[in-house]
Structures are given as structure tokens and as C-alpha cells.
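What follows is one structure encoded as C-alpha cells, with my remarks underneath.
Any read-out appearing in this document is the output of simple, stated calculations on the displayed coordinates, not a laboratory observation. The structure presented is a predicted model; accordingly, all values stated were derived computationally and were not measured. Reconstructed Cβ throughout: ideal geometry from the backbone, glycine too, with neighbour counts over all protein chains shown.
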Amino acid sequence: MTTAVQTRPAEKRRFLTCIFSCLAGITLNLVLRRLAALVGIPLYVDCVGTVLTAILGGYLPGMIVGCLTNVFLSIWDINAIYYGMISVLIAAMAAYLARQDSYRTVGRALRTAPWLALIGGGLGSILTFGLYGLDFGEELSARLAHFFYDAGLRSVFWAQLFGDFMIDLADKLLVVIIVILLLHFIPQKIQDTVRRSFWQQRILTEEERKTARRFRVRRMSLRQKFLLLITGAMLIVAAVTTVICFKIYRDTLIETRTEIGRSITRVMASYFDPDRVDEYLSKGEAVPGYADIDRQMAVLRDNSDGVSYVYVYQILPDGCHVVFDPDTATEPGSDPGEIVEFDEDFRSSLDDLLNGRPIEPVTSNASWGWLVSVYTPVADSSGKVVCYACADISMDKLLNDQFVFFAKVFSLFVTFTAIVLAFFLLLADARLILPINTMAMASSRFAFDNETKRNAALEYLQSLGIRTGDEIENLYGAIAKTTEDSVRYIDEAQQKSETIARMQENLILVLADMVESRDQFTGDHVKNTSAYTRIIMEQMKKEGSYTEQLTDEFMDNVYHSAPLHDIGKIRVSDTILNKPGKLTDEEFETMKLHTVYGREVIEKAKKASSDVSYLDEAENLATYHHEKWNGKGYPMGLSGEDIPLSARIMAVADVFDALVSKRSYKEPFSFEKAMDIIREGTGSHFDPKVAEAFIHAEAEVRKVLTEKQAEK
């Protein structure tokens, strides 16, 4: 809890630093764009702050800077808001390239310019086509487009695309150069602060982050699932919203144009006298004022956006009788009194038309194009409908308007979808994925068999300081507590185990003392042989002998159970055990039974113990330490490697210590004489590898012997 409280000011500072960097990025974009305009260079240079913030802070801050820059620019040019998609995608590309260490060196950084230009010049050109259509314009990119077009690229679209890309490539090269210079002057501490602004735990080193990212999953990572879930949800919402908006927009356009048609037909009806319709039909332009009425209708048509034709018909069973039909710039109108056949699209409304009733607008798509025809009934002074004032509204422009609308909606959708995705991914990374990965990384360092690693893993886990404020923080607290408890319990268990081991060693020494109390020569002997067995085993390990058997566990078992090799003497009578002279054959046969007695004692101990491997070696030592390599030993007459390795080791140690020790029936041999006897017994009495290891460790053997003699 203390750690969390102490680090909150640091979190606040990191967050404020990120906010400041975003504001600085927006300001940098606007200032550089203005400077480029004042200097008169044909470049925008308005994404330096976007790229710089994306490199320092990652996807979300870069996208925010790019989007808000275009929001501010839309104050002067409303269409700038739709180019926010381009700025957001440039930020995403810059952040991705930064994660690939593309801005670590100048050479690698300059190679990122074409990727940024593909978005700014390539996608930007396509968006421009969607918003404005195919129009070269007057800018430098337009002149380049003209050049490509005249050079043989006979496609306005592709000429525009190449022209925009070339100009944008120069723009992005300049942007990257400015970014490199700014990165050189921004302190590394500030860069790291901005980069880790949203983290909810201790800031990890680059190596730690790489290690955390290396954790593999069996199928799909949480990040991928989160991205798939959010993307799927947003696509569904976007699809439904777009369809609804598109339908509303289309219906609104049709309704608006229809209302324009109704207004025009009402105005047209005011231009002529309905009581004179029959006169207009029979005499046409000979009727005074007819030509002026016709001209007024033409002017009204030409000044009304989207109106293709205006006319006045009298509807009779034999067809549409023309009352007025002004000429257009390309087509002459029908003469007064001329009969026009009913169009198929009007068949369903024919009964209403013949009876002078109003009809709904009729949509047709024939040789005249996609039209919406509005028919307004015109009544004479008696109230009888004598004709219809009509207007045909062209809907061909509606297709272009719909395309522009779609381009705008798509641009805004991509812009805000990218920002929302970046936000949720950052949230998932900072509050879910990174904490889980670092907890897994810390837990993987835990080692049950190594106290140093255990304590280091616990210390590292506690240092993470995860403070997401949700279930992840609860999980972190539970793991930290469990790990701490585990370390404590393992330490306590090891202490108890060590206590038990010491008790075990002491019990062995007690048993050895029991033998010593009956055999005046055995006490020092059992202690000395333990030391010699350790020397022999370590030397054999150095020389590569019996490496598969000489495990640490085996060596410890042999060393600690060596004092029990003569435990069977406890059942031999004192008369034989302490006889001052040489034993008779019968007495010697009885003495040899101490190996069998030793096995029986240890077998009883094994039944009451769970440490079987330890007592197995004790049994081998007690039973077979008088066996000989050539098979002439006792009690079983085993030979070669049929004799357990522990017993073959003890055979050398046992004989050597007996040779250099004083007995009632002999004086001690010299060290050199004893070593010679060991050499002579190699291959007959002793295992050659064991005996050679003992001989090669002569210095260590002499040291032990000297120390034992000094103690006396």
C-alpha cells in the first residue's frame, strides 16, 4: 500500500507529461503548416508533431494529435476534418515503425518516409478523389499529375495518384528529418516518461518488456481476443449506423428535391391562366403572352438546382396534351397541343391523373436518366382540374452526392475507429496484458530448490507495484501474498529438513559410538573412512568415472552412511571383538558375520524409515564392504561391478585406514607402505577405477591422515 501511495505523484507527472506532449504536437503541426505557407514551399509539413508524438507515446497519443490537428484546421477548411483519417493512419504507421526500432538511426528513419507517403499521398489522393472527384486543380501536385498524364499515363486517377505521392514523399522526407533533429534534443528521461504514461505499475526496462512479450500462448492471446472483440463490435455498429445514415441521407435528398419540384410547379401554375388552357392548346404561341410564360418557365428551370425539365400537360385518355414545354439548351420542347404517350412508370397513377387527383412523385429511369417527376394539379376558376404543372428533377447528381457522403462517413469512421481501438488496446495493454505477463514472468523466476532465486523472484514480484484498481490488482496481491507465504513456508521446511538431517547424522554417530564403546579401534575408524570415501568420490567425478552413478545425492548418501559400515560388530562378542592377538579360524568366521548382522540391523531400520535411498547405501556398505573385485571376498563372494559401487569405494577406504591405524596385533604402517598395498590390490582386491582415484588423490588423503594424527 505504501508503494502505491508513493508512486501516485509519479503517475500523475507521467500523465501530465503525456497531455503536454500532445498539446505540443498539435501546436507544432499548426505552426509548421503556417510557416510552410508563409515561406511559400509547396509542402504542408503538418504531421511532424503527429509522427513525433507517435514515436514517443505510441499509437493513441499520436492519433489524438493527428485527429485534433485536423479538427483545428477544419475551422478554416471544413473538409480538413475528413483528412483526419490520413493523419490517424500516419500516426499508426509511425508508432508501428517506432516499435520496430526504425528511428534508432538516421538511415533507418529516412527509409520510413515512403511508408508515410503511401498513406499521405496514396490514400490521401484516393480520399481527395472521393471528396472532389477527378480534377487536376492548380497545385504543384496537379502540375505533376498533368506531367504524368501527358507522358502517357492516360488515366486522370492514376496521374493524380502519382503526382500526389511524389509531392507527399518530399513532404514526409522533410518531416522525418525534422523529427530526427527533435528526437536528438529531447532528453531520454522525457521520452521514457511519455512512452510509459498510461502504465499502472513500475516502469519496466526494455529487456524486461521484451521478456514479457516473449510469453507464448497455445492459441490466441488476450490482446488478439480483445482486438477481435472490439473490432467486431465496432464493425457491426458501424455497418448498421452507416446503412441507417445512408438511407436517411438518401431519403432526405429525395424528399428535398421533391419539395423543390413541388415549389417549382406551384410557381409555374401562377404563371398562366388555367381558364385559357384550351386556348393555349389550340393556338399555342399565337395566344398573347404565351411566349413570355414559356420563357419564364425556362428561366425558373435553369435557376433551380437539379431541375431538368418543366412542362404543363393536360391529361386525357389518349395521352398527355402539351400545354407548355420550354426548350432546353440541348433539346427542343414539344409543340402546344402535341400528344405525348403515357410513360410506363405512370401507368399505376393514370386513373388519378385522368380524374384530376394529386399523385405521389413518380421515379423513372429511362433514356432521360434517373428522374423524379412531380405533378401538381391546376384547377380553373370553377375548381375543375384542367391540367398539371410538372417538373422533372434529375437524380443523377444524387449518385455523386451519395459517393461523397460515403467517402466522408468512411473517413470519419476510420478516424474514430482507429482512435477507439488504440485507446482500448492501450487500456488492455496497460491494465490487463502487461500486468498479467509481468506477473507470469516474475512467477516463472520462482525456484523451489534455490533460496537465492526464490527471494529474488519474490522481491521482483513485489517491485512491480501493479495498481490497476480492479480484479487484476486483486490477483496481483493474491499472487504476491501466496509467493511470500510460499517462500516463508519453504524456508521453514528447509530449516526443519536441515534439523532432521542433523539429527540423522547425530543418530548415525550415536550408533557408531555404540560400536566404539565395545571396540576400542572402531570409533576413529568409522570417522576416518567417511572422509576417505568423500575424497575418492570427488576424484572419480573429476576423472569421469561412473559419472551416471556419482550423483550429488549418491555421494551425500555414501558419505553420511559410511559410519554405519561396521554397525554389525555390535552383535559380535566382546571376547572376539577386543581379542589382543590374532583370531582363530573359527573366531574369524564369527567376525565375518558382522557384515550379515549389519545388513539385518539396517533392514529393520528401513522398515521404519521413508528415506530408502539413504538406507539402501547404508545397507550396501555394511553388507559388501569386504567383497573383493576378484570375487574372493565375503559374505557373498561377489565380483566386479556386481559389488555395489558404494561398497567398492568403502573397501579402499576401509583397508587404507586399517593399514595406517594401530591395532593390538600390529603397529601402524607408514603412509607410503599403505599406498603401495592399495596399488598391489588394484584389480584383485579393489575396483581399479576406485583405487586409482584414491591413489591420484594422494595429497588430500595425506592431509586427512595428518589432521587425524594431530588430533590424537
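Can you work out the Karplus-derived ³J(HN,Hα) for every residue in region 424-438? Use 6.51 cos²θ - 1.76 cosθ + 1.60 with θ = phi - 60°, whole Hz, and x for glycine or proline.
Result, ordered by residue: 5, 5, 5, 4, 5, 5, 6, 10, 10, 5, 4, x, 5, 5, 5 Hz.
Identify the chymotrypsin sites (Phe, Trp or Tyr not before Pro) of region 615-709 meeting these criteria: DSSP loop state and at most 11 other C-beta atoms within 10 Å of the C-beta.
Y665
Let me have the relative contact order for region 271-394, percent, based on Cα pairs under 8 Å that are six or more residues apart.
26
Suppose the chain between K582 and D305 were pulled fully straight at 0.36 nm per residue; how much longer would it get relative to their current alpha carbon spacing? Walk me through the intermediate numbers first.
Numbers: separation 277, 0.36 × 277 = 99.72 nm, distance 13.71 nm.
Between K582 and D305, full extension yields an extra 86.0 nm.
How large is the Kirkwood hydrodynamic radius of region 529-606, in angstrom, based on all distinct alpha carbon pairs?
By the Kirkwood definition, the hydrodynamic radius is 14.6 Å.
Holding the Cα-Cα limit at 23 Å, pick out from K453/K541; K592/K673; K673/K703; K541/K606 the pairs that are longer than that. Write out the running numbers ahead of the final one.
On the way: K453/K541 27 Å; K592/K673 26 Å; K673/K703 16 Å; K541/K606 29 Å.
Checking Cα-Cα distances, K453/K541; K592/K673; K541/K606 exceed 23 Å.
Can you list the residues, at least 5 places off or on another chain, whose amide H is less than 5 Å from the amide H of S639, using H built in the peptide plane?
Hits under the 5 Å cutoff: none.
Between I126 and R488, what's the calculated FRET efficiency when r is the beta-carbon distance and R0 is 60 Å? Round to 0.05.
Between I126 and R488 the formula returns 0.40.
Place the peptides 702-708, 424-430, 567-573 in order of packing, highest mean first, counting for every residue the other Cβ atoms within 10 Å and averaging per peptide.
Going by the mean number of other Cβ atoms within 10 Å, highest first, we get 567-573, 424-430, 702-708.
Once amide H atoms are placed 1.01 Å from N in the peptide plane, what residues at a sequence separation of 5 or more from F686, or on another chain, have their amide H within under 5 Å of its amide H?
Placed amide hydrogens put W629 under 5 Å from F686.
Work out, step by step, the length gained on full extension between D676 and R223: first 0.36 nm times the residue separation, then minus their alpha carbon distance; give nm to one decimal.
Extending this stretch completely gives an extra 155.7 nm.
Using θ = phi - 60° and the Karplus curve 6.51 cos²θ - 1.76 cosθ + 1.60, what whole-Hz ³J(HN,Hα) does each residue of region 109-126 get, with Gly and Pro shown as x?
Each residue of region 109-126 in turn: 5, 5, 6, 7, 4, x, 5, 5, 5, 4, 7, x, x, x, 5, x, 5, 5 Hz.
Which value results when the Cα radius of gyration for region 518-711 is divided by 2.2 N^0.38 Å?
Taking the Cα Rg and dividing by 2.2 N^0.38 Å, one obtains 0.98.
Using Cβ contacts closer than 10 Å as the measure, can you line up L30, L464 from fewest to most?
L30, L464
Sticking with the crude label model, points 7 Å out along Cα→Cβ, report the distance from N400 to K541 in nm, one decimal please.
9.0
Among the aspartates and glutamates, which have Cα under 19 Å from the Cα of K607 when same-chain residues fewer than 8 positions away are ignored?
In chain and number order, the partners are E505, D616, E617, E619.
Where in region 670-712 does the amide nitrogen come within less than 16 Å of the point 7 Å from the Cα of Q549, taken along Cα to Cβ?
Hits in region 670-712 for Q549 at 16 Å: 683-694.
Give a residue-ordered list of calculated ³J(HN,Hα) values for region 562-568 (Karplus: 6.51 cos²θ - 1.76 cosθ + 1.60, θ = phi - 60°; whole Hz; x for Gly, Pro).
4, x, 8, 5, 10, 4, x
Highest mean first, what order results for 71-81, 302-312 on Cβ atoms within 10 Å?
Per-residue mean Cβ counts within 10 Å order the peptides as 302-312, 71-81.
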